[in-house]
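First comes the structure, then the notes that go with it.
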Amino acid sequence: METADVVSEAEMKPTERKLWVWQQRPAKSARRRIVDLIKRLIILGIGFGIFVGCIAVFPFVDSLLGELLWGLVAASVKAALLLLVVFTAVAYLTLAERRFAGMIQRRLGPNRVGWFGFLQPVADGIKFFFKEDLVQDNVHKPLFVLAPAIIFIPALAVFSVIPFGPPDAGTGMQHYQLASVNIGILLIFALSSLGVYGIALGGWASFSKWSLFGGLRAGAQMISYEIALGMSVIGVLIYSGSFDLTRIVEAQGGSYLGFLPAWNVLPQMAGFVVFLVAAFAETNRLPFDLPEAEQELVGGYHTEYSSMKFALFYLGEYANMVVASALVTLLFLGGWLVPGLDLGALPPLLGAPIGIFAFMLKMFILLFLFIWVRWTLPRFRYDQLMALGWKILLPTALGNVILTAIFVALL
Amino acid sequence: MAIGVKKLTNPKMNFLEKLYLWPIFKGLWVTLRYFFARKITVQYPEERVPVRWGYRGLHRLNKDYRGNVKCVACFMCATACPSECIEIEAGAAPFGDYREKYPVKFQIDELECIFCGMCEEACPEAAIQLTPVYELSEHKRASFILQKEDLLSVHEYWILPRYSKVRPPRRTMERLEG
C-alpha cells in the first residue's frame, strides 16, 4: 500500500539545527535581477519620455497657435501640459520617497500596486478623495479652507518662469518657459515666500495648539532662511550678470581647464552649500522639519486637516521640493547644459529633448538627495536651527557676495 | 545619604565636526550603503519565514504503514491536556492486528488548545503530533473543531506542499491539484 504520504521524522528534521532566525530574502538569480532591472528602467524611461515629450512640444504649440494671434490659447495649452508633468512628478515623488525610504532602511517599500508598485500614487490619490473631509466646529472656516490653496498655488505658479530647455539656437527665443520674463528669479522668490502664509494661517485657523506651534515655527524658520537663500543667489547673479534664468544658464557654458564643466557650483561653492541648506529649510524637509515635527507637535500645521486638504499640504511640500531642485539645477548645476556637448550645434529636434532630459536628470538627482538626507539626519533643535541660519549661513552668504563682487570687479 | 550629582560635559567638537558637513557626509555614506544592501523583507504570501524545529503548531494524527490510524484510544492525551480540548470516543478496532481499540471520534477544538505539546509527550504510540503549521485562520468558529479525518489529512493538505522541503509524491500532488 502506498504510504509515502506520511512524512517520517527524519524527513521533517532540517539538516542544520538553528534557533529562531529570520530568513534573509533569498537572493534573486542574476538573470531575474537583470530582467527586473531592465523592466524598471523601461517603465522609468517611458515616464521620463512622456515628461520630456510634454515639454518638448512647446515650440510647436507656439508656432501653431501663437502666430494665429492665439497667444493666450498657446499659453493655456502649454500650462496644461506643464501642469500634467508637475502633478505626475509630484505624485510619483511620494512613491519615490516611500521606496527610497524603505531601501535605506533595508526594506522594500510599496511594491504591490501595479508593476513594481508604479500604480501606488493612483491608489493613494483615490484613497485621498474618498476620505472624510473633517472640519471641526471651532476652526476659522474661511482661512481653514483657504490655507491649503495658499500653500499649493504659489508652488505651482513658480513653474511659470522656470525654463526647461535650451533657447532657440537661431532667434534666441526661449520657448520652454510659460512666461519669458527677464526677472524670473525675483518672481520665484516673491511667490515662494508666500507659502509661509499658508502654513501660518493653516496652523492658526485650525484652533489647535499644536497646529499653532507648527505655524509659528514655520513662520520664524522660513523668514530666517529666506534671507540666507536670497543672499546666496546674489553671488550667482553678480557672476552671470543677469536676472534672466535662461541667461544665467547659458553663462555656465564652456569649461575650466578643458574638462571641468563651467557650472556655477565650482566658483560659487559657498553659495551652493548655503542655497542647498536654506532650500531644505524652506521646503520644511527633515533636518529642518520643525513645523510638522510629528513627535513633538502631533503633525504640526496640518494636524487638523484630512482628505484632499491634507493632500494639498502634502503635495505642496513636494511641489516646493521640485521647485527648489529646479532652482539649484538652473543656478548652480548648469540647467540643461550637457558637459562636452554643444546643444545649439545639434539639430533642434535632437538638441532640445537632450537638454530637457539632462535638466530633468539633474533635478531627479537633487530630489534623490532631498529624500536621502531626510532619511539620514535627525531633526535640529530649535536653537540650533536659528543659530545655523543667522550665525553661519547668513555670514557665509554675505562673505560670498562680497568676495564674488571683488572678484568680478577686478576681472 | 546625599544624592550624588554627576556632571556631564559635552565632548568638544573639532573644526570638521563644527562645520556639520563632514558628519553629514559620513551619515549619508552609511545610509547609501544600506540603500544598496540586501533587503531583509520577507514577502509573506510568496516567501515564508521557516519555523524552528520543534515548533508547536496544528495537530496531526499519524497513520501506520497500512494507512490505518495509529491511535489506540488510550485517552492519555485527553487526560494530559490542560485545556481539555481533545474529545475521544473509543470503539472496537476493526483492523485485526494487536489493537483492541481505535478512536471512532477524535475531535480537537483548536480554539481551546494552547499548543503546549503535552498530548504529543503523553502519546505512547506517537499517534498525535504537532506540526509547524501556524497559519490557522477560518471564517467560522465551528471550522476550528477538527475531526479525525481532518487531523489525519493534515500532512497531506498542509505540511507537504508548504512546509516541507521534501517534494510530495505524485499521487498527493494530483489529489491536491485535482
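The values are calculated or read from the model by the stated rules, or taken from the named source; none is laboratory data. All values derive from a computational prediction rather than experimental measurement. Here the Cβ positions follow ideal geometry from the backbone for every residue, glycine too, while neighbour counts run over all protein chains shown.
Only one entry of B:Lys39, B:Lys70, B:Lys18, B:Lys6 meets the criterion of being within 11 Å of another protein chain (Cβ to nearest Cβ), over 30 Å from A:Leu366 (Cβ atoms) and basic (Lys, Arg), and that entry is B:Lys70. When region A:366-381 is limited to residues that are surrounded by 15 or more Cβ atoms within 10 Å (Cβ to Cβ) and away from chain B (no Cβ under 11 Å), the one that is farthest from A:Gln105 (Cα to Cα) turns out to be A:Leu366. For A:Val73, indicate whether it is at pLDDT below 85, crowded, with 16+ Cβ neighbours inside 10 Å and either assigned to a loop (DSSP other than H, G, I, E, B) or hydrophobic (A, V, I, L, M, F, W, C) (or both). No, not satisfied.
Whether a residue is within 30 Å of A:Phe359 (Cα to Cα), touching a residue at least 60 places away in the same chain (Cβ under 8 Å) and surrounded by fewer than 20 Cβ atoms within 10 Å (Cβ to Cβ) was assessed, and A:Asp133 does not pass this test.
Taking the listed residues A:Ala281, A:Ala270, the one that is touching a Gly at 6+ places or on another chain (Cβ under 8 Å) and surrounded by 22 or more Cβ atoms within 10 Å (Cβ to Cβ) is A:Ala281, with no other qualifying.
Yes or no, residue by residue, for (1) assigned to a loop (DSSP other than H, G, I, E, B); (2) charged (D, E, K, R); (3) touching a residue at least 12 places away in the same chain (Cβ under 8 Å):
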{"position": "A:Val145", "(1), (2), (3)": "no, no, yes"}
{"position": "A:Ile153", "(1), (2), (3)": "no, no, no"}
{"position": "A:Leu156", "(1), (2), (3)": "no, no, yes"}
{"position": "A:Ser160", "(1), (2), (3)": "no, no, yes"}
{"position": "A:Thr171", "(1), (2), (3)": "yes, no, no"}
{"position": "A:Gln174", "(1), (2), (3)": "yes, no, yes"}
{"position": "A:Val181", "(1), (2), (3)": "yes, no, yes"}
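Inspection of region A:96-105 identifies no residue that is closer than 25 Å to A:Ile356 by Cβ, among the acidic types (Asp, Glu) and away from chain B (no Cβ under 14 Å). Criterion first (surrounded by fewer than 13 Cβ atoms within 10 Å (Cβ to Cβ) and free of Cβ contacts under 8 Å to residues at least 40 places away in the same chain) does B:Glu100 satisfy it? Here the answer is yes, as B:Glu100 does meet what is asked. Looking only at region A:315-359, residues that are under 21 Å from A:Leu260 (Cα atoms) and of a type in the set (Asp, Glu) come to 1 in all. Does any residue of region A:76-85 turn out to be among the basic types (Lys, Arg), in contact with a Phe, Trp or Tyr (Cβ under 9 Å, 6 or more places away or on another chain) and over 20 Å from A:Met363 (Cβ atoms)? No, the conditions are met nowhere in region A:76-85.
For every residue, the table says whether it meets (1) small (Gly, Ala, Ser); (2) more than 21 Å from A:Ser63 (Cβ to Cβ); (3) surrounded by 16 or more Cβ atoms within 10 Å (Cβ to Cβ).
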{"residue": "A:Asp168", "(1), (2), (3)": "no, no, yes"}
{"residue": "A:Gly172", "(1), (2), (3)": "yes, no, no"}
{"residue": "A:Ser180", "(1), (2), (3)": "yes, no, yes"}
{"residue": "A:Leu186", "(1), (2), (3)": "no, yes, no"}
{"residue": "A:Ser192", "(1), (2), (3)": "yes, yes, yes"}
{"residue": "A:Ser206", "(1), (2), (3)": "yes, yes, yes"}
{"residue": "A:Ser211", "(1), (2), (3)": "yes, yes, yes"}
